[in-house]
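The values are calculated or read from the model by the stated rules, or taken from the named source; none is laboratory data. Keep in mind the model is a prediction, meaning the values are calculated, not measured. Cβ atoms come from the backbone with ideal geometry, glycine included; neighbour counts cover every protein chain shown. Surface accessibility is based on the protein's heavy atoms, side chains included, excluding ligands, DNA and RNA. Shrake-Rupley method; radii C 1.70, N 1.55, O 1.52, S 1.80 Å.
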Amino acid sequence: MPMLKYEQIADSLRRRITEGEFGSGELLPSGRDLCEQWGVSRATVNKAFDVLRADGVIVAQQGLGFRVTDVPLARPAGGRRGGAARVMTGRPFRRLGRPIREVPPGDVADALELRSDETALRRDRLVLLADGSPLSLVSAWFPAAVADHCPKLAQVNPIAEGTTHYVARQTGRSPARGTDTATVRLASAAEAEVFDRKAPLAVAVDLHVVRDVDGVPLVCEIGVTPSDLWERTESYAMGT
């Protein structure tokens, strides 16, 4: 399905931000300039800005327009139902270490449909609470077929447009279905240290797998959250 005009504008601005044309805190082109560039109404441009605001990519600067956010947002693993805005569920985060290609644990390899000796690209992030303390440790694993087409996944810095949009743009494969599996266990010594907690520490583990329209995995995330901080609420229709 062809992209609507406002979607094209939002996608173009995401790409320009990710490629470094507009850095953190820098102003985007004005609404008037974008109207002239794309030959559209101000309402169409405003809708594109609304999309980027909902994704936490830009923020309003009173009297000046919109600028690239200084603090990118990330979400804990799982709970990515369609229509859920990143700005509503996202939190500040820290990138941990450098992305690395290695053989993933068995549950991740199974989720990504990899051979036992096949590597994937791992990116770690620590999602934070409002006071800056750790909430959830998330490891995102990308199969080589995705990582090879997305060179910025191997960089340390956050991807301003978000990895979901970046991967979709680079590969032409958009997320179509997500599967979440929640389990509980005790944290490893390394995990307890990240949370600055003493062992034994009970943690909830979210395994989140994203597949494209053909059912081929795009990414698997493992989110580890101390049990006292983990909460999942769902609201759904019921029959008789």
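Table for the structure above
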{"read-out": "Cross-chain or 6+ apart pairs with Cβ under 7 Å, the stretch 158-170 first and touching a residue at least 60 places away in the same chain (Cβ under 8 Å) and assigned to a loop (DSSP other than H, G, I, E, B), then open to solvent by less than 60 Å² (accessible area, probe 1.4 Å) and charged (D, E, K, R)", "value": "Pro158/Arg95; Ile159/Lys152; Glu161/Arg14; Gly162/Asp55; Gly162/Arg86"}
{"read-out": "Output for the stretch 131-157, where each listed residue is out of contact with any strand residue (DSSP E or B) (no Cβ under 6 Å at 6 or more places or on another chain), in a loop (DSSP other than H, G, I, E, B) and either farther than 25 Å from Gly106 by Cα or open to solvent by 20 Å² or more (accessible area, probe 1.4 Å) (or both)", "value": "Asp131, Gly132, Ser133, Asp148, His149, Gln155, Asn157"}
{"read-out": "Answer from Leu218, Leu229, Leu121, Leu126 - the residue that is surrounded by fewer than 21 Cβ atoms within 10 Å (Cβ to Cβ), in a strand (DSSP E or B) and either among the aliphatic types (A, V, I, L, M) or under 14 Å from the mean Cα position of the chain (by Cα) (or both)", "value": "Leu126"}
{"read-out": "Scope the stretch 33-48; condition of a type in the set (A, V, I, L, M) and part of a loop (DSSP other than H, G, I, E, B); matching residues", "value": "Val40"}
{"read-out": "Pairs, first under 14 Å from Val219 (Cβ atoms) in the stretch 99-112, second open to solvent by 50 Å² or more (accessible area, probe 1.4 Å) and in a helix (DSSP H, G or I), C-beta under 8 Å, six or more apart", "value": "Pro99/Ala154"}
